[in-house]
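Notes to accompany the following structure.
Quick note: the coordinates plus some simple rules give every number you see, no bench work behind them. In this text the structure is predicted, and so the values were computed from the model without any measurement. Don't worry about glycine lacking a Cβ; one is built from the backbone with ideal geometry, like all the others, and counts go over all protein chains shown.
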């Protein structure tokens, strides 16, 4: 398996070449493209994005897709608003992520990525089982399009994420490891998490942070090297786990 290239995240806009130009300005040739605005997921913008990527010789590794409805980034309202877990938002978010997959496939991209939400740790929880069904529906749609579906880490424990991948069982699932998120949400140590799900890691975000200091708010994000992510070990362990 090849080593992960170094890249950056850029947003999707109606002028994609301007955003991709930032990748080149940094001396890089790889990126993830992120968007929460479904109105931008159009054939014309997609064509402009791919033409710019080819012109600038940039590889887009995943389309990071958001979804409609409210999302609160904390430990109190986050579980009831984020991802596919809240029943009241699930159907429209499944539809949105299928649309994201259609958009990514039309551009020849390899995957879509998203936060699926605060997955319940109880494997018999009805909300958990229904969320697994929703993830499977999206993953099967991706598989038919020749895409992978990647989980952005942080809002679920590593073993819950592993269990979910095993239960969905579509053969096209991967993980975009955000090491800071695991710490910011208090869900685990990213280095140790590789022992649990390392073989599924397809991408890694370079983000650092510190653990929560109360039960309401996320931990504090920090510049690289000033948080509690051990990047020297993480990078080595990530590459080893993927072999």
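Is at least one residue of segment 173-186 free of Cβ contacts under 8 Å to residues at least 40 places away in the same chain, surrounded by fewer than 17 Cβ atoms within 10 Å (Cβ to Cβ) and over 22 Å from residue 138 (Cα atoms)?
Among the residues of segment 173-186, not one is free of Cβ contacts under 8 Å to residues at least 40 places away in the same chain, surrounded by fewer than 17 Cβ atoms within 10 Å (Cβ to Cβ) and over 22 Å from residue 138 (Cα atoms), which makes the answer no.
Comparison of 126, 90, 136 shows that the only residue that is out of contact with any helix residue (DSSP H, G or I) (no Cβ under 6 Å at 6 or more places or on another chain) and more than 20 Å from residue 186 (Cα to Cα) is 126.
Here's a check for you: in segment 75-85, which residue that is free of Cβ contacts under 8 Å to residues at least 24 places away in the same chain and not in a helix (DSSP H, G or I) is nearest to residue 150 (Cα to Cα)? Result: 81. As a summary of the residue check, residue 43 satisfies the conditions (1) surrounded by fewer than 17 Cβ atoms within 10 Å (Cβ to Cβ); (2) closer than 30 Å to residue 199 by Cβ; (3) touching a residue at least 40 places away in the same chain (Cβ under 8 Å) except for the one numbered (2).
Return the residue satisfying two criteria in turn: it lies in segment 192-207 and is touching a helix residue (DSSP H, G or I) at 6+ places or on another chain (Cβ under 7 Å), without any contact (Cβ under 8 Å) to a residue 60 or more places away in the chain and not in a helix (DSSP H, G or I), and of such residues it is nearest to residue 153 (Cα to Cα). Once the filter is applied, the top-ranked residue is 201.
Residues being touching a residue at least 12 places away in the same chain (Cβ under 8 Å), farther than 20 Å from residue 39 by Cα and surrounded by 18 or more Cβ atoms within 10 Å (Cβ to Cβ) are represented in segment 86-107 by at least one member.
Scanning segment 52-65 finds one or more residues that are exposed (fewer than 15 other Cβ atoms within 10 Å of the Cβ), over 23 Å from residue 184 (Cα atoms) and in contact with a strand residue (DSSP E or B) (Cβ under 6 Å, 6 or more places away or on another chain). Inclusion of residue 194 among residues that are surrounded by fewer than 19 Cβ atoms within 10 Å (Cβ to Cβ) and more than 22 Å from residue 60 (Cβ to Cβ) is not warranted. Filtering segment 206-220 for residues that are surrounded by fewer than 17 Cβ atoms within 10 Å (Cβ to Cβ) and in contact with a strand residue (DSSP E or B) (Cβ under 7 Å, 6 or more places away or on another chain) leaves a non-empty set.
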